[in-house]
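The values are calculated or read from the model by the stated rules, or taken from the named source; none is laboratory data. It should be emphasised that the depicted structure is a prediction, and the values quoted were computed from it without experimental measurement. Cβ atoms come from the backbone with ideal geometry, glycine included; neighbour counts cover every protein chain shown. For accessibility, only protein heavy atoms count, side chains too; no ligands or nucleic acids. Shrake-Rupley method; radii C 1.70, N 1.55, O 1.52, S 1.80 Å.
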Amino acid sequence: MKERQFFGKPGKPTGFLASLLRILKGVRKEFKLVRTDIPNLLLALVVPPLIIILFSSLMTFSSTAPIVRITVVSYDSNTFFDTNSSVITTNDNYTLPLVGAINNTPSIKLVAYINASEDPYAMDVAYNQLLHGNIDAILVIPVEFSEFLDQGLPAMLESVPNTQELLKVQAILNKIQEAADKFAQDNNFTPFYVDEVHQEYTIPAHFNGDFNSNMNLVLPFVMAGITLVLTILVVVQEKPVPRLLLTPTNKAEILVSKYIAYTVILLVQSTAVLAASLGSGLFIRGRAIDLWGALMAIGFSGVSIGMFISSLAKTKTEANQLFFAFFIILFLVSGIFVPIEGMPVPIRAIAYAFPLAHGAPLIDSITTKGLPLASTELLSLGLISVAFVVLSFIAIARRKVEV
Amino acid sequence: MANLSALITKEFQRISVDKRTLALMFIIPALVLVIFGLSSGGGPMTLFTVNIITRDSQVTGPSVNNSVHDEELIQSFQESTVFVLHDRVYNMTNDSSFDFCFNQNKNKLRQNDIDAFIIIPENFSETIENGTSVITLLVYVDGSDAKVSQAIHVAIQEPIAYFRVRARLTQNFTMVVPYLEFDVPYWANQVLNYAFPIVISMIMLGTCMNLTSLSIVSEAPLSRMLLTPAGKTSVVFSKLVTATVIMFFQAAEIFTIAGIFGMFSRGPLILVFLSLLLIGMVGICIGLFISAVSKTEQVANQLYIMFFIMFTLFCQSFLPVDNFPPFLQVITAVFPLSNAIPLLSSIMYNGVVIDVMALFVLGATGLLFYVLALIAYAFKEVEA
C-alpha cells in the first residue's frame with residue numbers, strides 16, 4: 001500500500017496541517033451530532049424564521065391605535081374673582097367646546113364629564129376612576145379657563161395621567177395635546193406659531209409601521225437568544241471528556257471545531273431569518289446584505305456567550321442555570337423597558353457589555369436610516385464576541401478531566 | 001404523615017447538595033438589586049437631543065433687520081426640561097451656509113447623533129414685532145419611531161410657553177400641564193423602583209421554576225422509590241413544600257435588600273411580600289409540571305427555557321399586545337408575568353388597591369399547574 005504523502009513527506013501530517021485536519025474532523029462530528037438531535041436542529045433552523053412569521057402575522061391582524069380614556073373635571077363654572085377689575089364671573093363658555101373637541105378626537109374615549117360646581121366631590125370620583133384603572137387620565141379645567149381666554153391670557157389645562165404603565169404615558173400625553181390643538185383650531189384661536197414637523201426616515205405607508213418598529217427589538221433578541229440557547233450545552237455535554245482528551249485533539253481544537261460548526265449553522269439561520277423578515281414585510285432602507293451581516297454579528301455574539309457558558313459549566317444543569325443568569329441580565333439591560341440613555345452610568349456600562357444594547361441600534365440604523373453595516377455598533381459587537389471567545393478558551397483550558 | 005415528613009427531609013437533603021441551584025436562587029436577585037440599588041439618577045424618561053439653526057439674522061428686506069427674539073427662544077430651549085442642545089446654536093446669515101448646515105444636521109439625524117433639529121425662520125423677530133402673520137417653526141425629527149415624532153410636538157410646547165411668557169405673547173394660548181400620578185417620587189431610587197415589578201417578577205418566577213423543573217425528572221430510579229409506602233401525591237407534595245420553604249427565604253432576601261436600597265411602596269409592605277410569595281409559588285408549580293411531563297433532564301431544561309422565554313416575551317409589558325388577535329390577547333392575559341407585574345405595580349404605585357383579577361388568575365394558574373403536575377406524575381411510567 002502506497003504511503004500517504006504530505007508536502008512530499010511520508011507518514012501522517014504534522015504541525016499546523018495536522019491540527020487543521022483534526023479541527024475539520026471535529027466540525028464533521030459536530031454536524032453529525034446536530035443532524036441526529038432533531039429538537040436542536042428544529043431550534044436552530046426552523047424556530048427563528050417561524051417566530052418572525054408568527055410575529056408578522058400577529059402584528060398585521062389589527063393595527064388600531066389604543067384608546068385613551070379620559071375623565072374631564074371642570075371647575076370653569078365656579079366663581080372666579082378677577083383681582084384686576086374686582087369683578088366676579090362664572091364664565092364657562094369654552095368648557096363645552098373643549099369637551100366636544102376631546103370627544104371628537106380620534107382614539108380618545110370621554111368616559112365622564114363632571115362639573116365640579118354641581119358635584120363638589122368631582123375630583124374624588126375621577127381620582128378613584130384613575131386609581132382603579134377605569135381611565136387613563138384626568139383633564140382638569142381650572143376656574144379661570146374661559147375668563148383668561150376671553151381676556152387674551154394664557155389658559156392652562158392640567159392633565160393627570162396614570163403612570164402605572166410607563167410605556168403608555170407618552171401616548172396619553174400625545175392624545176391630550178391633539179385634543180387641545182383641535183380645540184384651538186375649532187374655536188379659531190389663531191396661534192402665533194405653527195410647528196411644521198417633517199418626519200424623516202419614516203416607514204412607507206404600505207408597510208406595517210408597528211411590525212417594522214418592533215422588529216428592531218425582535219430581530220436581535222431572536223438571533224442572540226436562539227444562538228445562546230443552541231450553544232449552552234455543546235461543550236458541557238461532551239462525554240466522556242477524558243477519553244476525548246486522550247486523542248491528539250486538544251481542548252482548543254475541540255472548541256475551534258465547535259465554533260466553526262455553529263458559525264456555519266448561523267450562516268443558514270441568518271439567511272432564513274432575513275428571508276422570513278423580508279417575506280413578512282420588513283422595510284429596509286439600506287442593503288439587505290448589511291442586515292444579513294448585522295444578524296450574523298449579533299448571532300455570533302450569542303454563540304460566543306453560549307460557548308463560554310458551556311465551557312465554564314461542569315454539568316448541564318449548571319449550564320442552564322448560568323444561561324438563566326445571563327439571560328436575565330441580558331434582557332433587563334437591553335433597553336426594552338428602560339431606555340439605555342436613561343440608565344445610570346454603572347448600569348449603562350453593563351448594558352454595553354452585552355450584545356442587545358448594540359444589536360437593536362445597528363438593525364435600526366440599517367433598516368430605517370440606510371446606514372452601512374460598518375459602524376461603532378458592529379465594532380462593539382465584534383469586541384464583545386472576541387472577549388467571550390477568549391473567555392471560552394480560557395475556561396476550557398482550565399477544565400479538569402473527570403476520572 | 002411520617003412518610004411525608006421523611007420525603008420532605010429527603011428533599012431538603014437533595015437540594016442542600018445542589019449548591020449551585022441555591023446560589024442561583026439567592027445570588028442573582030441580590031446581584032440585580034445591588035446593581036440597580038446602587039445606581040442613582042436615571043429613570044424611564046429620555047430627553048430630546050436637538051440642534052437649533054437660526055436664520056433670524058438673515059436680511060429679508062430693505063428694512064432694519066431684527067434678530068432679538070430668536071435668542072429668547074433659544075434660551076427657552078436651553079432652559080427647557082425636555083430638550084438638550086447637542087451642539088452650539090447654528091446662526092446662518094445666508095442661503096448657502098444654511099444649505100450646508102441643513103445637510104450637516106440631516107446627516108447627524110441619520111447618524112442618530114440628534115433626535116431632531118429645529119429651524120427658526122429668517123423673519124422670526126420681525127413677525128413677532130409686527131404680529132401680522134403666523135410663524136412657522138420647521139422641525140425635522142427622526143420619523144422611524146412614530147411615538148417619538150408625535151412626542152416632539154408635545155415636548156415643544158414647554159419652551160414655546162416659556163418664550164411666549166418672556167415675549168409677552170400670551171394671547172390665544174392654551175397649554176396642557178401634566179402632573180404624573182402614581183409615579184415614583186423624585187426622592188426615591190427611580191431605576192430600582194420602576195424596574196422592581198418587572199425585574200423581581202421575572203427573577204422570582206424564573207428561579208422558582210428552575211428550582212423544581214428537575215426535581216421529579218432527576219429522581220432515579222423512580223421504580224425503587226415507588227416501591228416504598230410513599231404515594232405519588234406525597235412525592236409531589238413534599239417537593240412543593242420544600243421548594244416553598246426555600247422560596248420563602250428567597251422572597252425575604254429580596255424584600256430585605258430592596259428595602260435597604262430604598263424600595264418605595266404606596267401600599268402595605270406586607271402585600272408586596274405576599275405577592276412575591278404568590279409569584280414564587282406559581283413558578284414552583286410550573287416547574288413541577290415541567291419536571292413531571294419531561295422524560296429526561298435535557299427535555300426538562302429545554303421546556304423550562306421555552307416556557308420562561310414565552311412568559312417573558314408575552315407578558316404584555318414589552319410587545320404591543322393590543323395589536324394581537326383577541327384569542328392571543330386572552331392567552332397572554334393568563335400568563336404568570338402578565339398578572340404578576342400589574343399585581344406588584346398596583347400595590348407599589350397605586351397604594352392599597354389590589355388588582356383582584358391579577359391575584360385570582362395567578363392563584364388559579366399556580367393551582368392548575370400543580371394539578372397538572374399531579375396528573376402527569378400519576379401517569380408517569382416506571383422504568384423496569
Can you tell me which of (1) assigned to a helix (DSSP H, G or I); (2) surrounded by fewer than 18 Cβ atoms within 10 Å (Cβ to Cβ); (3) within 12 Å of chain B (Cβ to nearest Cβ) is the one residue A:382 doesn't meet? (3)
Near pairs, Cβ below 9 angstrom, 6+ apart or cross-chain, from segment B:96-120 (in the same structural domain as residue B:155 (by TED's automatic domain parsing) and touching a residue at least 60 places away in the same chain (Cβ under 8 Å)) to any residue that is open to solvent by less than 50 Å² (accessible area, probe 1.4 Å) and small (Gly, Ala, Ser): B:116/B:149
What's the total number of residues in segment B:296-318 that are touching a residue at least 24 places away in the same chain (Cβ under 8 Å), more than 18 Å from residue A:165 (Cβ to Cβ) and touching a Phe, Trp or Tyr at 6+ places or on another chain (Cβ under 8 Å)? 3
Residue check: is residue B:158 open to solvent by 20 Å² or more (accessible area, probe 1.4 Å), out of contact with any Lys or Arg (no Cβ under 9 Å at 6 or more places or on another chain), in contact (Cβ under 8 Å) with a residue 60 or more places away in the chain and under 30 Å from residue A:126 (Cα atoms)? yes
Search result, residues across segment A:100-115 that are in contact (Cβ under 8 Å) with a residue 24 or more places away in the chain and part of a helix (DSSP H, G or I): A:100, A:101, A:102
Take residue B:250 and decide whether it is among the polar types (S, T, N, Q) and within 11 Å of chain A (Cβ to nearest Cβ). no
Hey, residue A:97 hits all of (1) in a helix (DSSP H, G or I); (2) under 24 Å from residue B:266 (Cα atoms) but one; which does it fall short on? (2)
Which members of segment A:314-348 meet the condition of being of a type in the set (A, V, I, L, M), part of a loop (DSSP other than H, G, I, E, B) and facing another protein chain (nearest Cβ under 7 Å)? A:336, A:338, A:343
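Residues are listed down the side, and each one gets a yes or a no for (1) within 20 Å of residue B:80 (Cα to Cα); (2) open to solvent by less than 30 Å² (accessible area, probe 1.4 Å); (3) within 10 Å of chain A (Cβ to nearest Cβ); (4) more than 26 Å from the chain's Cα centre (by Cα):
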residue: B:135; (1), (2), (3), (4): no, yes, yes, yes
residue: B:138; (1), (2), (3), (4): yes, no, yes, yes
residue: B:143; (1), (2), (3), (4): no, yes, yes, no
residue: B:151; (1), (2), (3), (4): yes, yes, yes, no
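Sort through A:311, A:365 and tell me the only one that's of a type in the set (Ser, Thr, Tyr), away from chain B (no Cβ under 11 Å) and open to solvent by less than 20 Å² (accessible area, probe 1.4 Å). Don't jump to the end; show me each part of the working.
On the way: A:365 fails: away from chain B (no Cβ under 11 Å).
None of the other options fit; the residue is A:311.
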Going by the conditions given, is residue B:334 out of contact with any Phe, Trp or Tyr (no Cβ under 6 Å at 6 or more places or on another chain), modelled with pLDDT of 85 or more and open to solvent by 20 Å² or more (accessible area, probe 1.4 Å)? yes
Within segment A:121-142, track down each residue that is surrounded by 18 or more Cβ atoms within 10 Å (Cβ to Cβ) and among the polar types (S, T, N, Q). A:129
Long-range neighbours under 7 Å by Cβ, at least six apart or interchain, first residue over 16 Å from residue B:155 (Cα atoms) and more than 7 Å from every other protein chain (Cβ to nearest Cβ) within segment A:149-172, second open to solvent by less than 30 Å² (accessible area, probe 1.4 Å) and at pLDDT below 85: A:149/A:155
Looking at segment B:297-313, which of the residues that are open to solvent by 10 Å² or more (accessible area, probe 1.4 Å) and more than 10 Å from every other protein chain (Cβ to nearest Cβ) is nearest to residue B:333 (Cα to Cα)? B:310
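Can residue B:177 be described as surrounded by fewer than 17 Cβ atoms within 10 Å (Cβ to Cβ), at the interface with chain A (Cβ under 7 Å from one of its Cβ atoms) and more than 19 Å from residue B:258 (Cα to Cα)? Walk me through it before giving the result.
Values: surrounded by fewer than 17 Cβ atoms within 10 Å (Cβ to Cβ): yes; at the interface with chain A (Cβ under 7 Å from one of its Cβ atoms): yes; more than 19 Å from residue B:258 (Cα to Cα): yes.
Answer is yes for this residue.
Among the listed residues B:60, B:46, which satisfies the condition of being closer than 30 Å to residue B:262 by Cβ, open to solvent by 40 Å² or more (accessible area, probe 1.4 Å), modelled with pLDDT under 80 and not in a helix (DSSP H, G or I)?
Numbers: B:60 fails: closer than 30 Å to residue B:262 by Cβ.
Only one candidate passes the filter, namely B:46.
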Residue in segment A:166-183 that is closer than 22 Å to residue A:67 by Cα, open to solvent by 60 Å² or more (accessible area, probe 1.4 Å) and assigned to a loop (DSSP other than H, G, I, E, B) present: no
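State whether the residues of segment B:123-132 include one that is within 19 Å of residue B:56 (Cβ to Cβ), more than 7 Å from chain A (Cβ to nearest Cβ) and among the hydrophobic types (A, V, I, L, M, F, W, C).
First, pick out the residues of segment B:123-132 that are within 19 Å of residue B:56 (Cβ to Cβ): B:123-132.
Keeping just the survivors that are more than 7 Å from chain A (Cβ to nearest Cβ) gives B:123-132.
Now restrict to residues that are among the hydrophobic types (A, V, I, L, M, F, W, C): B:124, B:128.
There is at least one residue in segment B:123-132 that is within 19 Å of residue B:56 (Cβ to Cβ), more than 7 Å from chain A (Cβ to nearest Cβ) and among the hydrophobic types (A, V, I, L, M, F, W, C).
Residues checked against (1) in contact with a Cys (Cβ under 7 Å, 6 or more places away or on another chain); (2) open to solvent by 50 Å² or more (accessible area, probe 1.4 Å):
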site: B:282; (1), (2): no, no
site: B:325; (1), (2): no, no
site: B:359; (1), (2): no, yes
site: B:370; (1), (2): yes, no
What number of residues in segment A:246-287 are exposed (fewer than 15 other Cβ atoms within 10 Å of the Cβ) and either modelled with pLDDT under 90 or over 30 Å from residue A:21 (Cα atoms) (or both)? 9
Top-ranked residue in segment A:121-143 [being part of a loop (DSSP other than H, G, I, E, B) and modelled with pLDDT of 90 or more; ranked as farthest from residue A:177 (Cα to Cα)]: A:121
When you scan segment B:326-383, how many residues do you find that are touching a Lys or Arg at 6+ places or on another chain (Cβ under 6 Å) and over 19 Å from residue B:194 (Cβ atoms)? 2
Got a number for residues in segment A:349-362 being within 12 Å of chain B (Cβ to nearest Cβ), buried (at least 18 other Cβ atoms within 10 Å of the Cβ) and under 17 Å from residue B:36 (Cβ atoms)? 1
Which listed residue, of A:60, A:105, A:71, A:95, is of a type outside the set (Asp, Glu) and modelled with pLDDT under 85: A:60
